[in-house]
Amino acid sequence: MEKTTVSFPNLNLTFNMDRVAFSVFGFDIYWYALIITFGIIMAYIFITLEGKRQKIDTEIFSDIILIGLPCAIIGARLYYVIYKWEYYSKNLLDIFNLRNGGLAVYGGVIAGVLAAYIYLKKKKQPILKIFDICSIGLLIGQCIGRWGNFVNVEAYGYETNSFFKMEIFSDVYDKIVCVHPTFLYESMWNLAGIILLAVLIRRKKYDGQIFFSYIFWYGLGRFFIEGLRTDSLYIGSLRVSRVVALVSVIIGVAVNIILYKRNKKLEKI
């Protein structure tokens, strides 16, 4: 069993955790997998309910999950493996060993969105309208999924003495240290985004407004939070996720401005 202790000294909270939730016929089921699954379920519930409110066939969202989820997992793994190729080129079989971790959020989002786009294009569905709904679902999944990092004691930050410091035994520092709980920062940032976008979706002015606001919001938070992490993927001296996050912020703002101006022109016609 893989047990560890995590505490938040300033909050007087201590957690004695086991990565393994239970075993079935000798096969370990990890909390990480259960938390991710719960996040997917909650995301699906939201997008189907919002889809019904907007009078969109709920089967479309079921298809998006069935098609997009496998693609997202593959994309998340490939994204990670590419930037860790020095290791995986010498350990090819480990590429398929997901139980040891190694999924990158951005790779999953890019692959999942691309798969959903192709599906909706073939079905001749209103892509941006549906993406507006699904983007909040993505944030829900990401918000909940980050707690899988907490259970695994991963995706944490540098040493700190801040109020929210988290005390752990760190593989990075090889000792007990107090670090930034970056999983918590991102989860709370995503929760704020869920609330904001859930309010905005009922007042949106044009299709695509929520989706590109999601790209902006997540990118903005990730840019700053990534700078605190100890496990970033790099291109030379650049953190890959910070670069992608910055590009996301620019795209989110730029496309929303373009769509806003286009909508204004249409209103005048």
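A few comments on the model shown:
- From the options 194, 201, 251, residue that is in contact (Cβ under 8 Å) with a residue 60 or more places away in the chain and among the aliphatic types (A, V, I, L, M): 201
- Filtered by the rule that a residue be surrounded by fewer than 17 Cβ atoms within 10 Å (Cβ to Cβ) and not hydroxyl-bearing (Ser, Thr, Tyr), region 48-68 gives 49, 52, 53, 54, 55, 57, 59, 63, 66, 67.
- Put simply, of 41, 35, 45 the only residue that is buried (at least 18 other Cβ atoms within 10 Å of the Cβ) and within 20 Å of residue 112 (Cα to Cα) is 35.
- Matching option when the condition is at pLDDT below 95, part of a helix (DSSP H, G or I) and surrounded by 14 or more Cβ atoms within 10 Å (Cβ to Cβ), among 241, 232: 241
- Pairs are defined by a Cβ separation below 9 Å, a sequence spacing of at least 6 or placement on different chains, a first member in region 4-18 that is in contact (Cβ under 8 Å) with a residue 24 or more places away in the chain and surrounded by 14 or more Cβ atoms within 10 Å (Cβ to Cβ), and a second member that is among the hydroxyl-bearing types (Ser, Thr, Tyr) and assigned to a strand (DSSP E or B); the pairs so defined are 6/14; 7/14; 8/14; 17/4; 17/5.
- All positions within region 19-32 that are of a type outside the set (Phe, Trp, Tyr) and surrounded by 12 or more Cβ atoms within 10 Å (Cβ to Cβ): 19, 20, 21, 28, 29
- In summary, residue 85 fulfils each of the numbered conditions (1) within 28 Å of residue 45 (Cα to Cα); (2) loosely packed, with under 14 Cβ neighbours inside 10 Å; (3) of a type outside the set (S, T, N, Q) with the single exception of condition (1).
- When region 178-201 is limited to residues that are surrounded by fewer than 18 Cβ atoms within 10 Å (Cβ to Cβ) and touching a Cys at 6+ places or on another chain (Cβ under 9 Å), the one that is farthest from residue 13 (Cα to Cα) turns out to be 191.
- Any hit, region 168-175, residues being out of contact with any helix residue (DSSP H, G or I) (no Cβ under 9 Å at 6 or more places or on another chain), part of a loop (DSSP other than H, G, I, E, B) and modelled with pLDDT of 95 or more: no
Rundown of residues vs (1) within 30 Å of residue 84 (Cα to Cα); (2) among the polar types (S, T, N, Q); (3) surrounded by fewer than 22 Cβ atoms within 10 Å (Cβ to Cβ), yes/no style:
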position	(1), (2), (3)
99	yes, no, yes
102	yes, no, yes
128	no, no, yes
148	yes, no, no
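- Here 102, 68, 75 are screened, and the one residue that is outside any helix (DSSP H, G or I) and under 29 Å from residue 242 (Cβ atoms) is 102.
The values are calculated or read from the model by the stated rules, or taken from the named source; none is laboratory data. Given the structure is predicted, the values throughout are model-derived calculations rather than measurements. Ideal geometry is used to build each Cβ from the backbone, glycine not excepted, and the neighbour counts take in all protein chains shown.
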